[in-house]
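I have placed the structure first, in the form of structure tokens, so that the comments after it can refer back to it.
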């Protein structure tokens, strides 16, 4: 900023000159930039080894319409990758940032609680006891009686009922029922829909997310009871669990002082790894890293 011919003017460039022993030794020019217009990506290595270990660090910035990096940019960027590589981390150097450095798959488990049981003589898949809204208030507590020879003589089949609580936000999750036998033979129903039929031993079953809902869900199991061979035997009382697996969220990071970083690692195969960075209102950018 200065005054020329009585008028105020702003010089868009700041030029610094360094001297050594009276001679010019260095020159640095900083130019005033405009608003961010595009994303820029610069890799420290454009070729890495296809060994599952080698990495390339990509510097991310936002440029104005003249191609100058904007040092005040704080745009949020999202990253996607294709080819034989993966993103293993993002950062921006902001010491107080609470943003995630990694976006990974999450896995959680939901416990199943069996509450009630009823001895029945005949079983079929249309039994009202299997419906999700059946009233089992008058049934016995599950596993109340010892599973000995005497119990086996009076209980050919047992219907168990219980429940599990699903958290919210599972529409895009992969849900699996890891079944464990509580009977010599058993069939399992969740919310009135048959999951497995007449199985012996454990089984993993994919569960349609449309079948489940947040909050309480009902499980019903028809089982031929397991009996103790010796008084000290322990009979399994756990029907298994529900696993919820969610895909990683989209990789993203805000610029800090105009910059961010992305770390890309080889996944072991040869080929071109393409990293794409995008932000609302900015022209996206791509960088190609060759794994060889």
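The values are calculated or read from the model by the stated rules, or taken from the named source; none is laboratory data. Given the structure is predicted, the values throughout are model-derived calculations rather than measurements. Cβ sites come from the backbone with ideal geometry, for glycine too, and all protein chains shown count toward neighbours.
What is the residue count in segment 76-99 for residues that are in contact (Cβ under 8 Å) with a residue 40 or more places away in the chain, part of a loop (DSSP other than H, G, I, E, B) and more than 25 Å from residue 47 (Cβ to Cβ)? If you could, list the steps in order and put the result at the bottom.
Our first condition is that a residue be in contact (Cβ under 8 Å) with a residue 40 or more places away in the chain; within segment 76-99, this holds for 76-94, 97, 99.
Filter again for part of a loop (DSSP other than H, G, I, E, B), leaving 83-84, 92-94, 97, 99.
Filter once more, so that each one left must be more than 25 Å from residue 47 (Cβ to Cβ): 92-94, 97, 99.
Final tally of qualifying residues: 5.
Condition check: surrounded by fewer than 16 Cβ atoms within 10 Å (Cβ to Cβ), in contact (Cβ under 8 Å) with a residue 40 or more places away in the chain, within 24 Å of the chain's Cα centre (by Cα) and assigned to a strand (DSSP E or B). Does residue 194 satisfy that? Don't jump to the end; show me each part of the working.
Details: surrounded by fewer than 16 Cβ atoms within 10 Å (Cβ to Cβ): yes; in contact (Cβ under 8 Å) with a residue 40 or more places away in the chain: yes; within 24 Å of the chain's Cα centre (by Cα): no; assigned to a strand (DSSP E or B): yes.
So residue 194 does not fit the description; no.
Look at segment 30-59 and say how many of its residues are part of a loop (DSSP other than H, G, I, E, B), touching a strand residue (DSSP E or B) at 6+ places or on another chain (Cβ under 8 Å) and at negative phi.
The total comes to 12.
For segment 197-212, which positions are touching a strand residue (DSSP E or B) at 6+ places or on another chain (Cβ under 7 Å) and either surrounded by 11 or more Cβ atoms within 10 Å (Cβ to Cβ) or in a helix (DSSP H, G or I) (or both)?
197, 199, 200, 203, 204, 205, 207, 209, 211, 212
Could you list, in sequence order, the residues of segment 239-257 that are in a loop (DSSP other than H, G, I, E, B) and farther than 30 Å from residue 275 by Cα?
239
Within segment 103-116, can you find the residues that are under 19 Å from residue 78 (Cα atoms) and touching a strand residue (DSSP E or B) at 6+ places or on another chain (Cβ under 6 Å)?
The one that is under 19 Å from residue 78 (Cα atoms) and touching a strand residue (DSSP E or B) at 6+ places or on another chain (Cβ under 6 Å): 103.
Which residues, taken from segment 137-161, are part of a strand (DSSP E or B) and over 15 Å from residue 186 (Cα atoms)?
140, 141
Residue 67 fails exactly one of the following numbered conditions: (1) loosely packed, with under 11 Cβ neighbours inside 10 Å; (2) over 19 Å from residue 287 (Cβ atoms). What is the number of that condition?
(2)
Go through segment 117-136 and give me each residue that's part of a loop (DSSP other than H, G, I, E, B) and surrounded by fewer than 14 Cβ atoms within 10 Å (Cβ to Cβ).
121, 122, 124, 125, 126, 133, 135
Residue by residue through segment 158-175, note down the ones that are buried (at least 18 other Cβ atoms within 10 Å of the Cβ) and out of contact with any helix residue (DSSP H, G or I) (no Cβ under 9 Å at 6 or more places or on another chain).
Matches in segment 158-175: 158, 160, 162, 164, 166.
Given the conditions (1) touching a strand residue (DSSP E or B) at 6+ places or on another chain (Cβ under 8 Å); (2) free of Cβ contacts under 8 Å to residues at least 24 places away in the same chain; (3) loosely packed, with under 15 Cβ neighbours inside 10 Å, and given that residue 139 satisfies all but one, which numbered condition is not satisfied?
Just one mismatch for residue 139, condition (3).
Write out, first by first residue and then by second, each pair whose Cβ atoms fall under 9 Å of each other, whose residues are 6+ apart or on separate chains, and whose first residue, in segment 106-124, is without any contact (Cβ under 8 Å) to a residue 24 or more places away in the chain while the second is part of a strand (DSSP E or B).
124/222
Hey, among 181, 236, 217, which residue is crowded, with 16+ Cβ neighbours inside 10 Å, more than 19 Å from the chain's Cα centre (by Cα), outside the structural domain of residue 73 (by TED's automatic domain parsing) and in a loop (DSSP other than H, G, I, E, B)?
Exactly one of 181, 236, 217 is crowded, with 16+ Cβ neighbours inside 10 Å, more than 19 Å from the chain's Cα centre (by Cα), outside the structural domain of residue 73 (by TED's automatic domain parsing) and in a loop (DSSP other than H, G, I, E, B), namely 181.
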